[in-house]
Amino acid sequence: MATADPTPPNPLDPDEVMSAADAALAAIDAAATTEQLRQVRNDYTGDRSPLGLANRAIGSLEPGQRKTAGQIIGQARGRVNSAMAFRQKDLEAAELEASLLAERVDVTLPTDLHPRGALHPVTALLRRMSDVFVSMGWEVVEGPELEAEWLNFDALNISPDHPARGLTDTLFVDPITDHKLLRTQTSPVQMRTMLSRELPIYVVSPGKVFRADEYDATHLPMFHQIEGLAIDQGITMGHLKGTLDHLAKAIFGQVRTRLRPHYFPFTEPSAEMDLECFVCHGESVGNPECPCRTCKSEGWIEWGGCGVVNPRVLAVAGIDTEVYSGFAFGMGVDRTVMFRNNAPDLRDFVEGDVRFSRSLRGGAR
Ligand code: DAH
């Protein structure tokens, strides 16, 4: 790069001033980067540059000569400054172009080479069902999977000779004299909650349950339930129906429901909640031409058990049955995923293949 001429031109000599300006223009042309141009600006237009010094020298000229000198120097500096501005723009544009090229990203390259997991559809549905209740002001509580026989059965009015207590259904834990078992239902959380909380109670409790069942397409020895319990003054079967209808709509969309009389020792009256089959809407009933796999051509799908809490259960927890009443419900979550998402084989739920979870998009419909 050209360096500045240390001797300033005579401000009254147009040739000298012109050649100082030409030197500046040549240096501007030669600057290949904005950084170099910055140096050129300093060397050729700064206070200590030849033109800068010549400009300053005007002040010490005879007053009559100042105008002429001012014109000569002013013109020369004007040329240099505008050339500087043009060069600056060109170099900036070129540098921007170069950096865009250098930082170019190939958007066609594969980005995420690490496959992501997926939420298990049972987890996703449990969370979604819990959310429905949380949004109504209920609380989510949990109970232990290793449970006292008394809480799993006796406290819920399931007498010692009830068939569900047999070793065939229930997985007792050694030594059997400890009366500990893997809970067969989430219902013992009802009693735990009644014994530990102030009234009124509005809770749901999702979790794992265990039964000595076969491992096949429709049975698992470990599956999931969600339990609900509401205890307050003036609770009726109507509140139960309204609450479960709301849950059904939140999970399945517009769907008809019905309560079918049933028996559970811890509720009285008891019922089973059925959903109108959302695949065939009952049209497969008595119509062998178009059978429905989802409801097995029954028109209704059994969803869960429910009822008005048996006063005997409330009394065990020391609740005044003259003042308080309640409703409870419990449904199988794996089964719900099965018919909601058309997943035909329960074994897929526990085999840990992420493609299963992905195919159900985390339990979304
Ligand atoms: N625990 C019952 C079962 O495992 C389901 C159930 C029925 C729960 C009625 C309830 C209820 O809370 O009120 O089959």
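The values are calculated or read from the model by the stated rules, or taken from the named source; none is laboratory data. Just so you know, these numbers come straight off a predicted model, no measurement behind them. Ideal geometry is used to build each Cβ from the backbone, glycine not excepted, and the neighbour counts take in all protein chains shown. These accessible areas exclude ligands, DNA and RNA; they are computed on the full protein's heavy atoms, side chains included. Shrake-Rupley method; radii C 1.70, N 1.55, O 1.52, S 1.80 Å.
Observations
- Beta carbons closer than 7 Å, at least 6 apart along the sequence or on distinct chains, pair a first residue in the stretch 175-195 that is open to solvent by 10 Å² or more (accessible area, probe 1.4 Å) and within 13 Å of the ligand (Cβ to nearest atom) with a second that is in a strand (DSSP E or B) and polar (S, T, N, Q) for 185/225.
- Among residues of the stretch 218-235 that are over 13 Å from residue 199 (Cα atoms), those with a beta-carbon under 6 Å from a residue that is surrounded by fewer than 15 Cβ atoms within 10 Å (Cβ to Cβ) at least six positions away or on a different chain give the pairs 222/208; 224/208.
- The set of residues in the stretch 130-172 being modelled with pLDDT under 95, in a helix (DSSP H, G or I) and surrounded by 13 or more Cβ atoms within 10 Å (Cβ to Cβ) consists of 164, 165.
- Filtering 337, 323, 316, 354 for residues that are open to solvent by less than 10 Å² (accessible area, probe 1.4 Å) and not small (Gly, Ala, Ser) leaves a single hit, 337.
- Filtered residues of the stretch 338-365 (kept if out of contact with any helix residue (DSSP H, G or I) (no Cβ under 8 Å at 6 or more places or on another chain), in a loop (DSSP other than H, G, I, E, B) and touching a residue at least 12 places away in the same chain (Cβ under 8 Å)): 342, 345, 350
- Taking the stretch 107-140 as the range and being more than 18 Å from the chain's Cα centre (by Cα) and either assigned by TED's automatic domain parsing to the domain that holds residue 240 or at positive phi (or both) as the test, the residues that pass are 133, 136, 137, 138, 139, 140.
- Hits in the stretch 319-337 - residues which are more than 16 Å from the ligand (Cβ to nearest atom) and either within 27 Å of the chain's Cα centre (by Cα) or free of Cβ contacts under 8 Å to residues at least 60 places away in the same chain (or both): 320, 321, 322, 337
- Per-region count, the stretch 201-223, residues within 11 Å of the ligand (Cβ to nearest atom) and open to solvent by less than 70 Å² (accessible area, probe 1.4 Å): 4
- Of all residues making up the stretch 232-258, the number that are crowded, with 17+ Cβ neighbours inside 10 Å and either part of a helix (DSSP H, G or I) or of a type in the set (D, E, K, R) (or both): 8
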